[in-house]
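Working notes, beginning with the structure itself.
What follows is calculated from the coordinates using simple rules that are stated; it is not laboratory data. The structure presented is a predicted model; accordingly, all values stated were derived computationally and were not measured. Don't worry about glycine lacking a Cβ; one is built from the backbone with ideal geometry, like all the others, and counts go over all protein chains shown.
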Amino acid sequence: MYKLFEKIPDASTEYVKSLIISENITIKLKKSRKTKHGDFSVKKNGLCIITINDDLNQYRFLITLIHEISHYIAYKNYGPHIKPHGVEWKNTFKNLLLPIINPEIIPNDILRPLAIYAKNPKASSDTDLNLGLALNRYNINQCDYVFSLSNGSVFKASNDRVYVMIKKLRKRYECMDILTKKLYLFSPNVKIKEIINEC
């Protein structure tokens, strides 16, 4: 449990302790997972478990932890048949986020996008481009994103496939798999593993 508090901003420790102590939750740290930052599950014996990726920066870790605690509280208050990211979860998450939308806890460049995101939170903070990019500035390992490429650039994605940037559409980027010649749509904040040829 002590390692958990090393992962979040110091100014948020008391608030997070109050949430965890008042609830019967098991929290485990996991190695990095490509498809998620954290998750909440209920085992057959009724044990509620939250897992969070160990490699998240302190601000993303805090938001992810509150996201998952919100799943637990929504489950406890409304039962197992609610939608995972339905209105019950959204309202719970909004209420739990409010105390951390505070310049003593969150840097100014994250505050505004976090406040906007909190009005109608989505299943992942990565779906909000501005919030995702603001949070990623605090990652130890910086990386490039699809939106930073110009048309014709060749890049390797996290799935180790090589693509060429075709063009920007309204909200996404059209890219072609070099090997199969199939077209794919990428979100702007998809991380690039390697730029092979920048145009």
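Couple of notes before you dig in:
- Pairs, first in contact (Cβ under 8 Å) with a residue 40 or more places away in the chain in region 133-161, second in a helix (DSSP H, G or I) and among the basic types (Lys, Arg), C-beta under 6 Å, six or more apart: Leu135/Arg60
- Reported count of residues in region 100-132, each being of a type in the set (Gly, Ala, Ser), in contact (Cβ under 8 Å) with a residue 60 or more places away in the chain and surrounded by fewer than 17 Cβ atoms within 10 Å (Cβ to Cβ), is 1.
For (1) among the polar types (S, T, N, Q); (2) in contact (Cβ under 8 Å) with a residue 40 or more places away in the chain; (3) out of contact with any Phe, Trp or Tyr (no Cβ under 7 Å at 6 or more places or on another chain), each residue gets a yes or a no:
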| site | (1), (2), (3) |
| --- | --- |
| Ser12 | yes, yes, yes |
| Leu19 | no, yes, yes |
| Ser22 | yes, no, yes |
| Asp39 | no, no, yes |
| Ile49 | no, no, yes |
| His85 | no, no, yes |
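Let's see how each residue does on (1) touching a helix residue (DSSP H, G or I) at 6+ places or on another chain (Cβ under 7 Å); (2) of a type in the set (D, E, K, R); (3) under 21 Å from Lys7 (Cβ atoms):
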| residue | (1), (2), (3) |
| --- | --- |
| Leu111 | no, no, yes |
| Asp126 | yes, yes, yes |
| Leu129 | no, no, no |
| Ala134 | yes, no, yes |
| Asn141 | no, no, yes |
| Val154 | no, no, no |
| Val162 | no, no, no |
